[in-house]
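Reviewing the structure listed below.
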Amino acid sequence: MTIKVSAPGKLMLFGEHAVVYGYPCLVTAVDKRLYVEAERITASEDEIIAPQVKESRFVLESLAYFKKRFKINQAVRIKTNGDFSHRVGLGSSSAVTVATFKALGRLFGQDLDARQIFDLSYRVNLRIQGVGSGFDIAVATYGKTLYFVTGGKVIIPVATRQPLDLVVGYSGVKADTPFYIRKVSEAFRHRRVQMRRIFSEIAVLVEQARSALEKADYRRVGRLMTENQRLLAQLGVSIPKLDTMIARALEAGALGAKLSGAGGGDCMIALVTKTTRQAVEQAISAAGGELIPVANHAAGVKLEP
Ligand code: MEV
C-alpha cells in the first residue's frame, strides 16, 4: 500500500520577524504543493528519494523522529516531488515535513490530528534550523489563511471566504532566512526598546489587517501592507531590489505591497484588483522581478488519491 499526501507552500501576509518574538502574524497557504509518497518495504534500510537535498534532510529527520516516537522498526520508502522549487522561498521544507508526518501516520495506523502533526513537524524544523516561529508549519498543516502566534500558541483560521488578489514577484535573490532572523536578533540585543516598538506597531497592523480581511475591506488591507513594509525596512531586512519592485507595483496602482518572508530577497507581494492586475504585473517584471503565478487560501495537508 502506498500513501500519497500533499501539503501547501505559504506566503507571509503580515507580521514576519515580529512573530519570532511572541507577536501574531497572518499567513496564507498557496496552491503550489509538495507531494510525499510513503510505503513499507522489506529492506534493512529506509529509502529516501527526494530530488532536493534540502528536503531529504527534513524527510530523514521526520522519519527518524516518527519511528522513535511510535516504536516502528520496519523500513520505509519515501518519495517526494513538488509543484514548486525551494528557490523562491515558498516553504518547501515545512510542507515536506508536514506531508511526511501525515503520510507516516496513515501508513502505520496512527491517525494524527492537525495539532499532533503541527507539534511533531515544528519540533523537527526547530531541530534542523534552530530558529523559526512555526507559522509555515501551521499553514502547511491547517491551510487557508491563519492568524498565528509564535510556536502555535494561537492558530485561528481567518474568517475570509475568498483568496486575496495578489501578484507575487520573485526578486531573483535567494534569501537566507536564518541569517536574517539572526540579523534581527542581533539588532534586538543592541536596540531592544526601539525594536520592541517596531514589533508592537507590526502587531497592531496584524490585528487591523485581520479585521479588514474579515470585512473584505481590501483598500485597508493594502494600506496596512504598505505600512508593514515601512516597518520591515526599519528592521533592516528589505533590499533595494525588493524596494524597487514594491515602489513600481504601488505606482502601477497596487492597493498595497510588501516583502513576504524573512527579507533579504525571495518574494514580494502586491494586492491588486481585476483592473490593476495587468499593469502591476508589468511593472514588477519591468523592475526585474519574476512573476510567480500562485493562488492563495489553499487547502492544508491532505491525502491524495
Ligand atoms: C520567514 O519567512 C518569517 C520569519 O518571521 C521567520 C519565522 O517566523 O519563522 C522571519
### Task
State whether the residues of region 133-148 include one that is more than 12 Å from the chain's Cα centre (by Cα) and farther than 26 Å from residue 70 by Cα.
yes
### Message
Is it the case, given these coordinates, that residue 90 is within 16 Å of the ligand (Cβ to nearest atom), of a type in the set (A, V, I, L, M, F, W, C), touching a Phe, Trp or Tyr at 6+ places or on another chain (Cβ under 7 Å) and under 29 Å from residue 169 (Cα atoms)?
### Response
yes
### Whichever residue in region 77-129 is in a helix (DSSP H, G or I) and of a type in the set (Lys, Arg) and, among such residues, is farthest from residue 49 (Cα to Cα)
115
### Query
Any residue at all in region 81-99 that is more than 30 Å from residue 263 (Cβ to Cβ) and either at pLDDT 95 or above or hydroxyl-bearing (Ser, Thr, Tyr) (or both)?
no
### Message
What are the pairs with Cβ atoms under 8 angstrom where one residue, in region 7-20, is open to solvent by 10 Å² or more (accessible area, probe 1.4 Å) and more than 6 Å from the ligand (Cβ to nearest atom) and the other, located anywhere, is part of a strand (DSSP E or B) and not aliphatic (A, V, I, L, M)? Sequence gap at least six, or different chains.
### Response
10/28
### Message
Can you tell me which of (1) within 14 Å of the ligand (Cβ to nearest atom); (2) surrounded by fewer than 18 Cβ atoms within 10 Å (Cβ to Cβ) is the one residue 156 doesn't meet?
### Response
(1)
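The values are calculated or read from the model by the stated rules, or taken from the named source; none is laboratory data. A quick note: this is a predicted structure, and the numbers were derived from the prediction, not measured. All Cβ positions, even for glycine, are placed from backbone atoms using ideal geometry, and neighbour counts span all protein chains on display. All accessible areas refer to the heavy atoms of the entire protein, side chains included, with ligands and DNA or RNA removed. Shrake-Rupley method; radii C 1.70, N 1.55, O 1.52, S 1.80 Å.
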